[in-house]
Amino acid sequence: MVNSKRLLSSFLAIMMCITGALAFSAVSVEAKAAPKLSAKTITIAKGGKQTIKLKNGKGKWSIQGNGVAKIKSKSKTSVTITPIKAGSTTVTCKVGKKALKCKVKVLNNTIGDVDDMYFPAVIVGKSFKYSFTLPEGVTYKGADYDKSVGKLTVKTEPIADTGETKVTMNTKAYKPGRFNFCLHYQENGEALRDPGHFVFVNGFRGKAKAKKTDANYKKWRKKTISSMVDADMTTWEIVNAVGSLISSGKYGTKGGVSAKQLWYGGNGTCVSGALMMDDFMKDLGINSKVKFMGNKGGSVDIYGYSIMYMSQHKNTWIRLGGKRYELNAQPGGMWPIGTVKR
């Protein structure tokens, strides 16, 4: 006769072994997450570098041989890329039979040229007015501009008893990128052209637009940079546009002084601005850190004006084209007056 109690005990023991094996198997499967790269796209400025990391595995790295960028160093879990010339290329990481790819965009190599500094960058959705005077004998005849990016209206007004004309340009930004325009004049029957451009950049996101998370803050920065890269803006134009964007925020301490707070709430201190600029520079692969500006000997901006800040003022120090620049992107401040080099 079969002992029912012994049979039941054996059955329970077997079930416990099976359950344990299944649990162990589930844990093992869960631990083997699919390999992936830390980024699917990266942007690098001349003189900078970017590192791509491999998560959940080990692989072999290679880069498209089109002379745009090169591999500076690599391991089985990361690779550091340095730029050679403007353009696009692809980095591949082979993990077993799977090939993971990251698109690399190297920025236009114009860096640190005063001619590339345009003040101000215009925030998308906002307008900027600029006035100047035409001498006697010169007549304004109209303007051409890129209607897909923004709107330009021009108003002229004679200046009494001088023969001169006051011209007021009003620019409205529709989307990020370069806004090209050309003003036309006539002098003694001769047609004159005056081409120029502004830089348009994404504005801040408020509470109603996005949740206050690191992921959304990073996503916003990436979107902002991508829009400018797609417009073929130079490295220095992007730096300038980011500085204008940050300085367009309001000075204040409501909610804290972090970069994320500045993005989320639209207000912050010099610390907030410096931290946000630092985040953007690192997104571009530019060597960057936040430091006290100091007041020893003062500084000189890119136009040659002397600048003196108190020692407790923070800003972002970067290196571009072999030169050191101090970016004073303070909310509520004037940009690029605080862009200095020593």
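The values are calculated or read from the model by the stated rules, or taken from the named source; none is laboratory data. What you see is a predicted model; the values in this text were computed from it and never measured. Note: ideal-geometry Cβ built from the backbone for every residue, glycine included; neighbour counts use all protein chains shown.
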Query raised in the report: If we keep just the residues of segment 210-234 that are hydroxyl-bearing (Ser, Thr, Tyr) and under 10 Å from the mean Cα position of the chain (by Cα), which is nearest to Gly265 (Cα to Cα)?
Result: Thr224
Query raised in the report: When segment 250-270 is examined, which residues are found to be in contact (Cβ under 8 Å) with a residue 60 or more places away in the chain and either farther than 14 Å from Arg221 by Cβ or outside the structural domain of Tyr217 (by TED's automatic domain parsing) (or both)?
Result: Lys250, Tyr251, Gly252, Gly266, Asn267, Gly268, Thr269, Cys270
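For segment 210-227, which residues satisfy the criterion of being of a type in the set (S, T, N, Q) and assigned to a helix (DSSP H, G or I)? Before the answer, list the steps.
Looking only at segment 210-227, we keep the residues that are of a type in the set (S, T, N, Q), and these are 213, 216, 224, 226-227.
Within segment 210-227, Asn216, Thr224, Ser226, Ser227 qualify.
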Requested in this report: Return yes or no: is Val271 assigned to a strand (DSSP E or B) and modelled with pLDDT of 90 or more?
Outcome: no
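Tell me whether segment 62-80 contains one or more residues that are at pLDDT below 50, polar (S, T, N, Q) and over 22 Å from Asp283 (Cα atoms).
In the first step, residues of segment 62-80 are kept if they are at pLDDT below 50; the result is none.
No - not one qualifying residue is present in segment 62-80.
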Query - For Val201: the one exception among (1) of a type in the set (A, V, I, L, M); (2) touching a helix residue (DSSP H, G or I) at 6+ places or on another chain (Cβ under 6 Å); (3) at pLDDT 90 or above - result: (3)
Query - Failed criterion for Ile286 (all others in (1) in a helix (DSSP H, G or I); (2) buried (at least 19 other Cβ atoms within 10 Å of the Cβ); (3) not hydroxyl-bearing (Ser, Thr, Tyr) hold) - result: (1)
Query raised in the report: Given (1) touching a Lys or Arg at 6+ places or on another chain (Cβ under 9 Å); (2) β-branched (Val, Ile, Thr); (3) within 26 Å of Thr41 (Cα to Cα), where does Ile225 come up short, assuming only one miss?
Result: (1)
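Give, as residue ranges, the strands (runs of 3 or more DSSP E) completely inside segment 120-189 that count at least 3 residues that are surrounded by fewer than 11 Cβ atoms within 10 Å (Cβ to Cβ) and in contact with an Asp or Glu (Cβ under 6 Å, 6 or more places away or on another chain). Can you show your working first?
On the way: elements: 127-134, 138-145, 150-158, 165-173, 177-187.
Counting at least 3 such residues, we get no strands (runs of 3 or more DSSP E) at all.
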**Report entry** Breaking point among (1) modelled with pLDDT of 85 or more; (2) part of a helix (DSSP H, G or I); (3) buried (at least 24 other Cβ atoms within 10 Å of the Cβ), for Trp236
**Finding:** (1)
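Take Val242 and tell me if it is in contact with a Gly (Cβ under 7 Å, 6 or more places away or on another chain), assigned by TED's automatic domain parsing to the domain that holds Ile286 and crowded, with 18+ Cβ neighbours inside 10 Å. Spell out the reasoning first.
Working: in contact with a Gly (Cβ under 7 Å, 6 or more places away or on another chain): no; assigned by TED's automatic domain parsing to the domain that holds Ile286: yes; crowded, with 18+ Cβ neighbours inside 10 Å: yes.
When the stated conditions are applied, Val242 does not pass them.
Residue check: is Arg178 of a type outside the set (Gly, Ala, Ser), assigned by TED's automatic domain parsing to the domain that holds Gly137 and closer than 28 Å to Ala39 by Cα?
Details: of a type outside the set (Gly, Ala, Ser): yes; assigned by TED's automatic domain parsing to the domain that holds Gly137: yes; closer than 28 Å to Ala39 by Cα: yes.
So Arg178 fits the description; yes.
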Query raised in the report: Before we move on, is Tyr217 surrounded by 14 or more Cβ atoms within 10 Å (Cβ to Cβ) and out of contact with any helix residue (DSSP H, G or I) (no Cβ under 9 Å at 6 or more places or on another chain)?
Result: no
